[in-house]
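Step one of this worksheet: look at the structure below.
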Amino acid sequence: MHNNCLQFFALSLCLSISVYADDLPTTLPTPSANESPTTIPTTLPVSIDLSSPKSALRTLSRAMEIGDHDAISKVLLARDERDQRIIDALGQFAQAFWRFREAAVYSFGEEGAVYVTGNLKLANRSFLAIDQATELIQGDSAIVSFDAKQNSPALVKVDGSWRMRVNELFDPMQSVRFDLLVTDSIHAIDAMKSVTREMESNYFRTPEDVVQAFLQKLVKKEER
């Protein structure tokens, strides 16, 4: 998938699911009819728990994993209209990406979906990292401390619920690129929705065809 879109998604998940090229298999899998489910599954809404900083991060991680826009909006805190646009883009991207991946699983099985979207089992590592992290709470402010290689996100308590400000998802150096990242995410959302519909109609023969179709649609949108 397109680098800027993946960067936007990976940054937004900071502790959650990230899709990297290194997770793609080196050989193209041959899909088997036995690997694919007969219907595309649906998911139940995320159980929202904002009672502690770590539970808020778990909720965000799970919400991003399954594309629960409402849960994402309840965890993230917008300071202004720009932040709200970012939250909306994140939620829409997560929704589209989850459906995109589930359509790939439906069409080509789990191994084929890994070729298309990367290995989302990395999400399990984020849950373990959150469980092992340390909460440093001072009044209505908190920091969830991970190891030295990871950012320590700050959360605030608002009306009894722990929430994360949008800017905590991004490196300060990325702030000047917010508008570009949001624009890229919108292009990716449209491309993923289009390819998802085609996968659900059994349009593609191989996972490689899916990737090529997505990239072609994305390039066309960016050229407009």
- request: Look through the stretch 152-172, keep the residues that are modelled with pLDDT under 75 and surrounded by fewer than 15 Cβ atoms within 10 Å (Cβ to Cβ), and return whichever of them is nearest to ARG58 (Cα to Cα).
  value: ASP171
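Give GLN95, GLN84 a once-over and let me know the one that is among the polar types (S, T, N, Q) and closer than 28 Å to SER201 by Cβ. If you could, list the steps in order and put the result at the bottom.
Working: GLN84 fails: closer than 28 Å to SER201 by Cβ.
Result: GLN95 is the single residue among GLN95, GLN84 that is among the polar types (S, T, N, Q) and closer than 28 Å to SER201 by Cβ.
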message: Restricting to the stretch 110-120, count the residues that are surrounded by fewer than 21 Cβ atoms within 10 Å (Cβ to Cβ) and either part of a helix (DSSP H, G or I) or modelled with pLDDT of 90 or more (or both).
response: 3
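Is it true that ALA63 is assigned to a helix (DSSP H, G or I), crowded, with 19+ Cβ neighbours inside 10 Å and free of Cβ contacts under 8 Å to residues at least 40 places away in the same chain?
On the way: assigned to a helix (DSSP H, G or I): yes; crowded, with 19+ Cβ neighbours inside 10 Å: yes; free of Cβ contacts under 8 Å to residues at least 40 places away in the same chain: yes.
When the stated conditions are applied, ALA63 passes them.
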- request: Output the residues belonging to the stretch 124-151 that are acidic (Asp, Glu), modelled with pLDDT under 95 and either in a loop (DSSP other than H, G, I, E, B) or within 21 Å of ALA78 (Cα to Cα) (or both).
  value: ASP147
field: Any hit, the stretch 200-221, residues being at pLDDT below 80, of a type outside the set (Phe, Trp, Tyr) and surrounded by 14 or more Cβ atoms within 10 Å (Cβ to Cβ)
entry: yes
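The values are calculated or read from the model by the stated rules, or taken from the named source; none is laboratory data. All figures in this text were calculated on a predicted structure; none of them were measured in a lab. In this analysis, Cβ positions are derived from the backbone assuming ideal geometry, glycine residues included, and neighbour counts consider all displayed protein chains.
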